[in-house]
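These notes are about the structure you will find just below.
The values are calculated or read from the model by the stated rules, or taken from the named source; none is laboratory data. Worth saying up front: this structure is predicted, and the values here are computed from it rather than measured. Cβ sites come from the backbone with ideal geometry, for glycine too, and all protein chains shown count toward neighbours. Areas reflect the complete protein model, heavy atoms only, side chains present, ligands, DNA and RNA absent. Shrake-Rupley method; radii C 1.70, N 1.55, O 1.52, S 1.80 Å.
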Amino acid sequence: MGEAWRTYFETQLSEIIDELHRYVTIESPTHNKESVDEMGKLIASRFAQLGCTVQQIPQAEVGDIIRAEWGHGEEQILIIGHFDTVKPIGTIQKQPWRIDGDKIYGPGIFDMKAGIVFCYFALKAIIEKGLLPNKRIVFIWNTDEEIGSPFSVDTIKKEAIKSSVALVMEPAYLTNLKTSRKGGGEFRIRAFGHSVHAGNDHEKGINAIEELAEQILKVQRFTDYAAGTTVSVGLIEGGSAVNVVPDYAQVRIDVRAKTAIEANKLTEQMHSLIPVLNGSRIEVEGGFDKLPMERTDGTIHLFHLAEKIASEEGFPIGEASVGGMSDGNTTSSLGVPTLDGLGAVGDGAHADHEHILIPHIPNRIALIIRLLLEL
Ligand SMILES: [Zn+2]
């Protein structure tokens, strides 16, 4: 049916841009529950207007999660995105909504309010054209992705295990979809020694910073670029005065891995560390918060379908593997085929020049609707 859907959404571009404007005008940084809830109310009302069953899942510390369900049938397709942003209230005054040539600028537009608006127009078209795939579509729009989804992870898991696939509306990488993401987490090593005066009793002291330094060199060497595993010591503290042999020091360590096997291997290595200095003690805690989103057969199958759609509709698409994490890590690590990066094409997530590219809007919505119809 070459180009049909892309052309269809091209005719709706001004309506789509108006809707994006509404979303961007409501600022919604993760830690401002009141404003995130205001954004949530708009999303909830929009999906309810389409006939979805909408549920606001109450949260105490972050905005309420929006769950919208449409359709009937045994099979469930899960769509995930977030409407919290990293941009504090007032950013809109400094970086206002602005259309400049092919670009629309605005806080949170790329990461990832556009992805939610795209889904709204895809579903609207399905309904208006009377296309009723015999499936249920469940949308989870969460409010804490930018802090690692600690409050929504259980909701996401609960829906994921009922779903045949998960489609994640995070922004694209260039024009590419994301078929794998590293998993990551944090470890902390605490070293304990024995404090003495550095001048008078040096030989009786056990230097916790020295102990920690030995451990740091060991863990940095767990990095294995070929396997996609990285270890990065990021924050360090210890000691009380320059003339005191320190009895305490600690370090916080960022870890990333490409496969669950590598993540488990690294976790084991971290927990097997033993002290080097006589009489010192170390404590290791932490682990992977998110397991890797691996490039599984199920995900490759989804990607090939997307590739076919893109070539029929006549726009470019590719595949990317990225280091950053998303809720796609959660669905994928449960074995649910996951395709990520289906949202907007643009640039500047978390940056001042955040924007999306207008010519790609119809492409992306065409991709989303056809995936829903053809899965
Ligand atoms: Zn995001």
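Here residue 237 sits with roughly 110 square angstrom of accessible surface, probe radius 1.4 Å. Take the alpha-carbon centre of region 325-359, take the same for region 299-315, and report the distance between them in whole Å. Here the answer is 17 Å between Cα centres. The residues of region 209-342 expose on average 49 square angstrom of accessible surface per residue, using a 1.4 Å probe on protein heavy atoms.
The angle between the Cα long axis of helix 33-49 and the main principal axis of the chain comes to about 30°, on a 0 to 90 degree scale. For residue 290, the amide hydrogen comes within under 5 Å of the amide hydrogens of 184, counting only partners 5 or more places away or on other chains and with H modelled in the peptide plane. Here the calculated FRET efficiency for residue 158 and residue 214, from their Cβ-Cβ distance with R0 = 51 Å, stands at 0.70, rounded to the nearest 0.05. Residue-wise HN-Hα couplings along region 119-132, as the Karplus relation 6.51 cos²θ - 1.76 cosθ + 1.60 with θ = phi - 60° gives them from phi, are 5, 4, 6, 5, 5, 4, 5, 4, 6, 5, 8, x, 8, 10 Hz; Gly and Pro carry x.
Axis of helix 361-374 versus longest Cα principal axis of the chain: the two differ by about 80°, to the nearest ten degrees.
3J(HN,Hα) couplings calculated from phi for region 304-309 with the Karplus curve 6.51 cos²θ - 1.76 cosθ + 1.60 (θ = phi - 60°) are, in sequence order, 5, 5, 4, 4, 5, 4 Hz; Gly and Pro show x. Please give me the summed charge of the neighbours of residue 77: other residues whose Cβ is under 12 Å from its Cβ, Lys and Arg +1, Asp and Glu -1. Value of the local net charge: -2. Across the chain, the mean sequence separation of Cα contacts (distance under 8 Å, 6 or more residues apart), normalised by length, yields a relative contact order of 23 percent. Looking at the square roots a ≥ b ≥ c of the eigenvalues of the Cα gyration tensor of region 1-98, which shape do they give, rounded for a/c under 1.5, prolate if a/b is larger than b/c, or oblate? Taking the square roots of the gyration eigenvalues as a ≥ b ≥ c, region 1-98 is oblate. Fully extending the segment from residue 17 to residue 50 would add 10.0 nm, taking 0.36 nm per residue of separation and subtracting the current Cα-Cα distance. The residues of region 26-137 have, on average, 41 Å² of accessible surface per residue, using a 1.4 Å probe with all protein chains present. Helix 208-220 axis versus longest C-alpha principal axis of the chain: approximately 40°, rounded to the nearest ten. For residue 244, the residues whose amide H sits under 5 Å from its own are 198, ignoring neighbours fewer than 5 places away on the same chain, with H placed 1.01 Å from N. Share of region 250-375's accessible area from carbon and sulfur, percent, 1.4 Å? On region 250-375, the fraction of accessible area on carbon and sulfur atoms equals 50 percent. When shorter helices are ignored and each DSSP H run of at least 4 residues is given -39500 (n - 2.57), the per-residue value for the chain at 222 nm works out to -10500 deg cm²/dmol.
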